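Below is one structure, written out as structure tokens; the observations come after it.
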């Protein structure tokens, strides 16, 4: 993996120059949060930590048309667009690598694949806040899954090349980068040490699959289920949630039927409803248990890693405080002041 | 096969749903092209009630004996009955929980006396499903143009459309909105049926629940959560009631009884 150095002032012209590969998207402020948006790179906020919705939206959009039916025939349909996405952190890239496993390893999803191939991924380093725990999920650094990765040091960027495409891009922009020096390596190592000491979540994920498996009958799931609003937020903001629903929609203006797929959630009652009216996960507690066993146990046995990258989105998004951290705390007997744990909901 | 025959009817309500169908100005010709409209009093006085219908769209709640009679007639002659708008699907604001039982007390609270309405004997306002089989629903107060057109499109293809069984929060997240509940505002997103596209939260206004309660609502947790943010039970119940319809009204009555029981015990 080759590494270069870039002056801070070069980042905006560099990103602008990437328009030739497609729309350049990056993190911009929305209220108190961030979203990936197609804006002038000048507007990208390099201090953005986690976006409201992760980068999965580029590869499995919230809603997309996959087939059209007109005059008695089906046609495949794709809205695939060439894009450059800037500002993905190591956890985000790890999540995309998990998406890759899921959507290409066993059954290759053509829509996912073409979206992925049309996208340049440019990573960006980050400094954790109090909700980040990628150090616990072993996803705080990343070695693959990007074309370029920028680490922001005090006075410069170090740029890692992660793909032949990334290499070509820099080769054509050699005036914007320089070779690195020993001094740069020293600065980087110091920065890494500083970053490692910034993580604040004091928990252990060691042996978690065993603990979650052993807690199958724990009453903690019922306690959580009583507070869970089944709003689906956790699954929408989770960068490794892959589920979608398929529905047909008739467009009377165009006189055609659209087969769409849209994000769906195992927190919704209908997710586990099958023909004949039987629902094999009617209770909220069962749905929650499914999600967490899938993330922390099932995915591990199938793909070798847990499907949690420690991004902290569930931690900051669930209105009732159900998230990986509060669950691990509850299951391991740690102090837990999440809303769901300390509130007695009066179910009728 | 000829064009599907349809009728659009209104029981007790503001007629806003019929009006929103008429407001589909750019698509009206298309609608009249794919359907044979047999009755739509708001659009035309000429109507034919003698023929069976493929689809009847009915708005409004059943609030009088006359409503009930009319509904039964419509049901009898229609293959598919679609309840449109909050009143028809859930009972409307006229069915909201006001903490006074039986319903005649609520009636007197609103009209002052028991014999105020003389057109037809009044009934406790209820959704269509309280009396007849409803095949499909399109909630909203009023219904929205796009969901209506999509529903009409599917019906024209012989498909019975399904209302989402998930809450507004899902659509709100798809739109990458910040969560208003997390900001401490009253937002009924988690307990309200999706379908509107999270219009209000997208404009930074908490969901008021006009698409009605989602069947799977965890409203008890919703109350507990809002109480933890400093709202009083009274304030919360008022918000939950407006578009709560008859079913949530019953749940709220039980919840309040349970709270009182807890206080006394």
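Just so you know, all these numbers are worked out from the coordinates, no wet-lab data involved. Fair warning: this is a prediction, and the values are worked out from it, not measured in the lab. When we count neighbours, we look across all protein chains shown, and the Cβ atoms used for this are built from the backbone with ideal geometry, even at glycine.
Going by how many other Cβ atoms sit within 10 Å of their own, how do A:179, B:54 line up, fewest first?
Details: A:179 9, B:54 20.
Placing the least packed residue first, the sequence is A:179, B:54.
With bins 10 Å wide beginning at 0, the percent of Cα pairs of segment A:26-87 falling in each bin runs 19, 40, 22, 13, 6, 0. Where the alpha-carbon atoms of chain A are placed on the principal axes, they occupy 67, 62, 38 Å, in descending order.
Calculated mean residue ellipticity, 222 nm, chain A: -8000 deg cm²/dmol, from DSSP H runs (n ≥ 4) at -39500 (n - 2.57) each, averaged per residue and rounded to 500. In segment B:168-264, the alpha-carbon atoms span a convex hull of 86 Å³ per residue.
Once you average over the residues of A:260-268, how many Cβ atoms of partner chains fall within 10 Å of each Cβ?
Numbers: counts 0, 0, 3, 4, 2, 4, 0, 5, 8.
Per-residue shielding by partner chains comes out at 3.
For segment A:91-174, the extents of the C-alpha atoms along the principal axes are 44, 39, 15 Å, listed from largest to smallest. Sorted into 5 angstrom bins from 0, the C-alpha pair distances of segment A:134-253 split as 2, 7, 10, 12, 14, 12, 10, 9, 9, 8, 5, 2, 0, 0 percent. Restricting the calculation to Cα atoms, the protein assembly as shown yields a radius of gyration followed by a Dmax of 27.5, 93 Å.
Within a 10 angstrom radius of the beta carbon, how do A:217, B:135 rank from fewest other beta carbons to most? Intermediate values should be presented prior to the final figure.
Numbers: A:217 8, B:135 17.
Ascending number of Cβ neighbours within 10 Å: A:217, B:135.
For the residues A:303, A:112, A:250, what sequence is obtained by ranking on other C-beta atoms within 10 Å, fewest first?
Numbers: A:303 14, A:112 18, A:250 22.
With the sparsest Cβ surroundings first, the list reads A:303, A:112, A:250.
Is the shape of chain B best called rounded, prolate or oblate, per the rule: a/c under 1.5 gives rounded, else a/b larger than b/c gives prolate, else oblate, with a ≥ b ≥ c the square roots of the Cα gyration tensor eigenvalues?
On the way: a/c = 2.41, a/b = 1.38, b/c = 1.75.
It comes out oblate by the Cα gyration axes.
For the segment A:222-233, counting C-beta atoms of other chains within 10 Å of every residue's C-beta and taking the mean gives 6.
Taking the alpha-carbon centroid of each part, what is the distance from segment A:31-95 to segment B:106-132 in angstrom? Result: 51 Å between the Cα centres.
For segment B:137-191, how big is Rg over Rh, using alpha carbon atoms and the Kirkwood form of Rh? We get a ratio of 1.08 for segment B:137-191. For residue B:41 and residue A:42, the FRET efficiency from 1/(1 + (r/R0)^6), where r spans their Cβ atoms and R0 equals 56 Å, is about 0.45.
On the beta carbon distance between residue A:19 and residue B:110, with R0 = 41 Å, the FRET formula returns roughly 0.10.
In the calculated pair distance distribution of segment A:198-239, what percentage of Cα-Cα distances lie above 16 Å? Present the calculation step by step, with values, prior to reporting the outcome.
Details: 545 of 861 pairs.
That tail contains 63 percent of the Cα-Cα pairs.
When both bridge partners sit in segment A:3-196, DSSP labels roughly 70% of those beta bridges antiparallel.
Extension gain for the segment residue A:107 to residue A:348, taken as residue separation times 0.36 nm less the Cα-Cα distance, is 82.3 nm to one decimal.
Relative to the dominant Cα principal axis of chain B, helix B:233-242 is inclined by about 0°.
Which values, in whole Å and largest first, are the semi-axes of the equivalent ellipsoid of segment B:88-143 obtained as the square root of 5 times each eigenvalue of the Cα gyration tensor?
On the way: eigenvalues 112, 34, 23 Å².
Value: 24, 13, 11 Å, ordered largest first.
With a simple spin-label model that places each label point 7 Å from the Cα along the Cα-to-Cβ direction, the separation between residue A:118 and residue A:100 comes to 2.0 nm.
Reported value for segment B:35-107: 109 Å³ per residue, from the convex hull of its C-alpha atoms. On a per residue basis, the convex hull of the C-alpha atoms belonging to segment B:9-50 measures out at 73 Å³. Taking the square roots of 5 times each eigenvalue of the Cα gyration tensor of segment A:208-342, largest first, gives ellipsoid semi-axes of 30, 16, 15 Å.
Computed with the Debye formula from one identical point scatterer per Cα of segment A:3-196, without solvent, the log10 of I(q)/I(0) at q = 0.08, 0.09, 0.11, 0.14 Å⁻¹ comes to -0.29, -0.36, -0.53, -0.84. Over chain B, dividing the summed -39,500 (n - 2.57) contributions of all DSSP H runs of at least 4 residues by the number of residues returns a 222 nm mean residue ellipticity of -12000 deg cm²/dmol.
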